[in-house]
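**Student:** My questions will all concern the structure given below.
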Amino acid sequence: MSDTTIQEEAIRVDTEKGNFKYPENYKYDAGVGLTEDTVKYISDVKNDAEWVREFRLKALEIFKNKPMPTKWADEDLNNIDFDKIRYYLSKGQMPARSWDDVPDDVKETFERLGIPEQERKFLAGVEAQFDSEASYSRMKEDLEKEGVIFCGSTEGLNKYPEIFRKYFGKVIPTSDNKFSALNSAVFSGGSFIYVPKGVKLKQPLQAYFRINAENFGQFERTLIIADEDSEITYMEGCTAPKFETATLHSAVVELVALKNAKIQYITVQNWSSNVFNLVTKRGMADEGAEVKWIDCNIGSRLTMKYPGVVLKGKGARGEVLSIALANDGQHQDTGAKMMHLADNTTSNIISKSISIGKGRSTYRGQVHMPKHLKNCKNNTECDALLINTNSRTDTYPAITTRGENNTVQHEASVSKVSAEQIFYMMQRGLSEAEAMSLAVNGFVNELMKAFPMEYSVELKRLIDMEMEGSVG
Amino acid sequence: MTTTLETPIDMQTTNEPTWLGERRAAGLKQFNDLPMPTARDEAWRFASVGRLSIDNYDPIADASTDVLEQLTKRSDLVSTRAGQTIFVDDTQAQFEPVSEALAAQGVIYLPILEAIEKHPELMEQYFLKESTELGSKKFFGLHASAVRAGNVLYVPKGVEVKDPFVNYYWTSGARAAVFPHTLIIAEDNSKASVVDIFFSENDSNEALNIAVANVHAGPGAKVFRKVVQDWNEKTVSFQLDTIIADRNTDVKNVAVNIGAARARYENQVRIEGPGAHVKSYSLTVAEESQEFDQRTFQIHNAPNAVSDLLYKNALLDNSRSIFSGLIKVAPNAQQTDAYQTNRNLLLDPTAEANALPGLEILANDVKCSHGATTGNVDEDELFYMMSRGIPKRTAMQLMVFGFFEEIIEKIESDELAENLRELIRNKFATKLIK
């Protein structure tokens, strides 16, 4: 059998894995399609303040007027039928306060996802999103005492407008792109977090997201504000059951790191291969602040996600570390954006992608040093690994540099697992599949170390699952 | 170009073969049908298209004999050559044909209009057949409809020509539009080199240049093309170059770009045979408000081929550069080695470098990489030299010329290399050490 046949044979994925769902039983349902009435309906259900209502309606207008970005993006976007999507549904339940209040079927779902109940003991608070609303929300008492706010988007805007309104929709304006506008019109769910001055959270905050309704788009909205000298790590993870028709996920995540604050945002996602995952993520870093995105994209039909950092204050730092894995029929279109707007700002982008079968992975990046700045630095590295002969990878960075003593370096490489490597390992008794798995793990290993321990375990498992068959 | 369209140029419409008339008409239609590029076009990203205008330039019928003589005298960059042609505002000022020995071997070196008369089949096969896919189809169309100056070089199977052919393209008249064309056809296992030189008569004549160069390298052919672009800073320039490389070819393209108000340089390499080896090198030195807009495309349609690209830009004052490169490896082009490097040296805080180094890889057994760096003069290197007693100004100058030298030495001709160093020194030496 030839080299490639074995590989192609080996890289068949067990599509049944993670393929579970429970009967739908939703109390509120905004129906199918998107009109002004849908948006008004969502506002009514959520008891939106007048300004939020206006914000949503204005966003709907912008969404309708903006063209699809298909002049540069994947034409597959045209296959999204906005009229067939449900934009809101909810169990109509208040965010639960204790684990006992969580419905059994939701608990069961989490068990399948491999989230042990005990995990909450280690977590500062769990915001587990079952479809639109937070089904479970809990914060440790000492965190509450310190003044940390951790709630859903509706609660955040209704209860703490004085804190969240100032930055809501400011890091990512509604008109940023078509999908940020869509999210602004119909958002529900997500996390709003405020960390007060000087508070350094030692444990990460977590949220698990799931989609569980056919044709249902999930439009969560997250805003994290880290006040001066504070520190926070936030983690989100996703796994979705398989659906018959395409599903849209379009989130907006805004991070605000005030002077000397640090925010780390970690995502490990595993969407089923019919999900359009179109997410806008951007952080703003004030003087001396640091925003770090750690991003792992597995699954989905098309993912478009370019986490960015606006380096607004002197000495701010931005970082994006990302791993993408594209299997048959999948397109991981990911990347990073770094906008340098002040002196002495530094940014780092490391991106690794793996394309399996007919999978396609794309890196799209932007590094911008447009003004007369001094001593700014950017480092970008993107490496792509192609497993099969028909795998595909693209790299499209855009770099603008001006100013004094600024340095920008970009490097990209494309390679395959070398025959020598496989041969060497097989010589020592490994099967070809094992050797392949080892090589792929070696390729991402360095970056994997950047993830917190729990996540790097989960991530390895996800990659193994995806490579299943080839990795024995 | 409104004026041109209202008064069609009649000098080439007489006695031209039908195929050419058709190609010119198609070109004109393409020019009229396609819109001007806008800032929203991906192929023109970062270019200041808002300030791009090609209106009110016209082809100039005749340059004065004085000017022709004077510019012929100034055309002295390459003294050892196999042939030379000098055009001023697209009017032929001088023509040095190939030696009788080479002509006997079948080498053809002729101005294009003459070649169309004498070798119609050859010209029909190759002339105006290849345009870039990098965003300037509209301007290629205008070139096709108006071209009358330029040269064709045909080297038959197995023939090797040691010395280069030299083509000078001068502009002189007020608001002149010129359309230089270089066509190189190198058959199996032949060898040839061509130098294309673009100059302005003085610092003030405004001009529009839309130049096209097509290289066809047959199996095993070795082609070396050198391009020197030193227009004055009143010139709007387009150079739309393509290279088609068959199996086992060795093609090299070196460009030195100094002039023009704004210069769009498109360089498309298409590898159609295994074992081809294509190298593209470019050095650009920009000052004042010059804009250099470079788009490159390395297309690998065949396996086992190598392409290498290095573009270096040094930027002063308010100048801008855009480097947008793409390597595309087709699904069957396994064992491809493709490299692309862009180095930008910012010598003033107001200068701007944009880099868009892209890859599209559809085969898996490939070695592809690209790198782009932008920075100032390396402080450590500067300190090293200063600590060894070299004054700062001298050290800076050494480093900047060192940056240039990597490309200049690839010219592989001491005389031309020294002349290029001189051109750069004349224009920038005082600025480089301020």
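The values are calculated or read from the model by the stated rules, or taken from the named source; none is laboratory data. Computed from a predicted structure; not experimentally measured. So basically every Cβ, Gly included, is an ideal-geometry build from the backbone, and we count neighbours across all protein chains shown.
**Student:** Mind listing whichever residues of region B:120-138 are in contact (Cβ under 8 Å) with a residue 40 or more places away in the chain, of a type outside the set (A, V, I, L, M, F, W, C) and assigned to a helix (DSSP H, G or I)?
**Tutor:** B:P120, B:E124, B:Y126, B:K137, B:K138
**Student:** Also, I was wondering about something else. Residues B:V178, B:V212, B:V251: which one is within 23 Å of B:T336 (Cβ to Cβ), in the same structural domain as B:Q298 (by TED's automatic domain parsing) and surrounded by 24 or more Cβ atoms within 10 Å (Cβ to Cβ)?
**Tutor:** None of the others qualify; the one that does is B:V251.
**Student:** Looking at region A:54-67, which of its residues are of a type in the set (A, V, I, L, M) and either touching an Asp or Glu at 6+ places or on another chain (Cβ under 7 Å) or within 14 Å of chain B (Cβ to nearest Cβ) (or both)?
**Tutor:** A:L57, A:L60
**Student:** Then there is this: Collect the residues in region A:42-93 that are polar (S, T, N, Q) and under 30 Å from B:L356 (Cβ atoms), keeping them in residue-number order.
**Tutor:** Selection gives A:N65, A:T70, A:N78, A:N79.
**Student:** If you don't mind, another one. Those residues that are in a helix (DSSP H, G or I) and among the basic types (K, R), I need them from region B:43-79; list them, please.
**Tutor:** Correct list: B:R51, B:K73, B:R74.
**Student:** One residue is enough: does region B:80-88 have a residue meeting the conditions at negative phi, part of a loop (DSSP other than H, G, I, E, B) and among the hydrophobic types (A, V, I, L, M, F, W, C)?
**Tutor:** Yes, region B:80-88 contains a residue that is at negative phi, part of a loop (DSSP other than H, G, I, E, B) and among the hydrophobic types (A, V, I, L, M, F, W, C).
Conditions tested, residue by residue: (1) assigned by TED's automatic domain parsing to the domain that holds B:E42; (2) more than 22 Å from B:L309 (Cα to Cα); (3) in contact (Cβ under 8 Å) with a residue 40 or more places away in the chain.
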residue	(1), (2), (3)
B:N344	yes, no, no
B:G389	no, yes, no
B:E412	no, no, yes
B:E415	no, yes, yes
B:K427	no, yes, yes
B:K431	no, yes, yes
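**Student:** A further question on this structure: Is at least one residue of region B:186-209 touching a Ser or Thr at 6+ places or on another chain (Cβ under 6 Å), in the same structural domain as B:E114 (by TED's automatic domain parsing), outside any helix (DSSP H, G or I) and of a type in the set (A, V, I, L, M)?
**Tutor:** Yes - at least one qualifying residue is present in region B:186-209.
**Student:** Among the residues that make up region B:319-331, is at least one of them at the interface with chain A (Cβ under 9 Å from one of its Cβ atoms), out of contact with any strand residue (DSSP E or B) (no Cβ under 7 Å at 6 or more places or on another chain) and touching a residue at least 24 places away in the same chain (Cβ under 8 Å)?
**Tutor:** yes
**Student:** If I ask for residues that are touching a residue at least 60 places away in the same chain (Cβ under 8 Å), surrounded by 24 or more Cβ atoms within 10 Å (Cβ to Cβ) and outside any strand (DSSP E or B), which ones from region A:326-344 would you list?
**Tutor:** Correct list: A:N327 only.
**Student:** Continuing with the same structure: Suppose the filter is part of a strand (DSSP E or B), at pLDDT 95 or above and small (G, A, S); does A:S322 pass it?
**Tutor:** Considered against the rule, which asks whether it is part of a strand (DSSP E or B), at pLDDT 95 or above and small (G, A, S), A:S322 comes out as no.
**Student:** Still on this structure, I have one more. Given the criteria touching an Asp or Glu at 6+ places or on another chain (Cβ under 6 Å), small (G, A, S), assigned by TED's automatic domain parsing to the domain that holds B:V227 and in a strand (DSSP E or B), does B:G358 qualify?
**Tutor:** No; evaluated as a whole, the condition is false for this residue.
**Student:** All but one of (1) surrounded by fewer than 24 Cβ atoms within 10 Å (Cβ to Cβ); (2) closer than 25 Å to B:S48 by Cα; (3) within 14 Å of chain A (Cβ to nearest Cβ) hold for B:L310; which doesn't?
**Tutor:** So the condition that B:L310 fails would be (3).
**Student:** For A:D142, all conditions in the list (1) under 15 Å from A:F192 (Cβ atoms); (2) at pLDDT below 90; (3) in a helix (DSSP H, G or I) hold save one; what is the number of the exception?
**Tutor:** Evaluating A:D142 over (1) under 15 Å from A:F192 (Cβ atoms); (2) at pLDDT below 90; (3) in a helix (DSSP H, G or I) leaves (1) as the failure.
**Student:** Next up: Kindly establish whether B:A26 is in contact (Cβ under 8 Å) with a residue 12 or more places away in the chain, assigned to a helix (DSSP H, G or I) and either closer than 25 Å to B:E266 by Cα or over 25 Å from the mean Cα position of the chain (by Cα) (or both).
**Tutor:** yes
**Student:** Could you count how many residues in region B:368-379 are facing chain A (nearest Cβ under 7 Å), not in a loop (DSSP other than H, G, I, E, B) and not hydrophobic (A, V, I, L, M, F, W, C)?
**Tutor:** 6
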